[in-house]
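Visitor: Following this message is one structure expressed as structure tokens.
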Amino acid sequence: MEGWVKFHRKAYDNFLYQENRPHTKREAWEDIIALVNHEDDKCLIGGSLIECKRGQSTKSLETWAKLFRWNKSKLRRFLILLKKENMLTLENVLKSTRLTICNYDIYQSERNAGETLVKRKRNAGETLTQPKQELKNNIIYTDEQNVNYSNFNKWLQENAPRVLKMQNPITIKEFLKLKEDNYLDKTGVEKLKEMDNWADLFKKISANKTLRNWVNREDEKKSK
């Protein structure tokens, strides 16, 4: 299933989301996507400022469990399941847990953040349309670009899953630039697989910069 559904966080104020019952796993996952940071920020934990980037949360396990109306044991099993499926990563930070959604831009891309709806005429046969121009400081990506990026991440999950877990995985903007600059040709694909097998991969921060450096070094070898 492809495409986007716009869902505003204010929907959680509706009575339909106030039922006094435990969440289903699907509802819990949707809540995680909706409630992690949508932009980089810092939060105060135990007197220390902790970095919390876009797609991350530093809510405690107790907070998540209370939100889902689960006990902590059930929550831990659920988070372990999501971690095994490469849907998120977990990191102990002081007295809390930093949760990071893998490939957050697939669920909440810059396209959605800057997207507006064109005013519609009041006739029954008309549908809502989206503007195609770039908005200030926001890029509207086409459906084809989003599908290509999604397929790229699926390929990574199957062939180079550790690259997806780097501190800064390849964003859609970086992916499109890599394609434009021919860094995702046969050599680039081979280097992504080599990066996945490299023991010191997680000492690097940016997947994009690491791939570019590896491809550049390979090109330099071939030119000698």
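Visitor: Can you pull out every residue in the range 140-152 that is in a helix (DSSP H, G or I) and either free of Cβ contacts under 8 Å to residues at least 40 places away in the same chain or surrounded by 19 or more Cβ atoms within 10 Å (Cβ to Cβ) (or both)?
Guide: Residues of the range 140-152 in a helix (DSSP H, G or I): 143-152.
Glu144, Gln145, Asn146, Asn148, Tyr149, Asn151, Phe152, listed by residue number.
Visitor: Is it the case that the range 104-115 has a residue that's in contact with a Leu (Cβ under 9 Å, 6 or more places away or on another chain) and either modelled with pLDDT of 90 or more or in the same structural domain as Asn153 (by TED's automatic domain parsing) (or both)? Write out each step before concluding.
Guide: Applying the first criterion (in contact with a Leu (Cβ under 9 Å, 6 or more places away or on another chain)) to the range 104-115 yields 114-115.
Among the residues that remain, those that are also either modelled with pLDDT of 90 or more or in the same structural domain as Asn153 (by TED's automatic domain parsing) (or both) are: 114-115.
Yes; the residues of the range 104-115 include at least one that is in contact with a Leu (Cβ under 9 Å, 6 or more places away or on another chain) and either modelled with pLDDT of 90 or more or in the same structural domain as Asn153 (by TED's automatic domain parsing) (or both).
Visitor: Here's a follow-up. Out of (1) more than 22 Å from the chain's Cα centre (by Cα); (2) at pLDDT 75 or above; (3) hydrophobic (A, V, I, L, M, F, W, C), the odd one out for Phe152 is which?
Guide: Status for Phe152: all satisfied but (1).
Visitor: Still on this model: Quick one: would you say Trp64 is outside the structural domain of Val147 (by TED's automatic domain parsing), at pLDDT 90 or above and touching a helix residue (DSSP H, G or I) at 6+ places or on another chain (Cβ under 7 Å)? It would help to see each step written out before you state the result.
Guide: Details: outside the structural domain of Val147 (by TED's automatic domain parsing): yes; at pLDDT 90 or above: yes; touching a helix residue (DSSP H, G or I) at 6+ places or on another chain (Cβ under 7 Å): yes.
For Trp64, the condition - outside the structural domain of Val147 (by TED's automatic domain parsing), at pLDDT 90 or above and touching a helix residue (DSSP H, G or I) at 6+ places or on another chain (Cβ under 7 Å) - is met.
Visitor: Can you tell me which residue among Lys72, Lys59, Lys42 is under 14 Å from Leu90 (Cβ atoms) and touching an Asp or Glu at 6+ places or on another chain (Cβ under 9 Å)? It would help to see each step written out before you state the result.
Guide: Numbers: Lys59 fails: touching an Asp or Glu at 6+ places or on another chain (Cβ under 9 Å); Lys42 fails: under 14 Å from Leu90 (Cβ atoms).
Residue meeting the stated conditions: Lys72.
The values are calculated or read from the model by the stated rules, or taken from the named source; none is laboratory data. In this text, all values refer to a predicted model and were calculated from it rather than measured experimentally. As a convention, Cβ positions derive from the backbone with ideal geometry for all residues, glycine included, and neighbour counts pool all protein chains shown.
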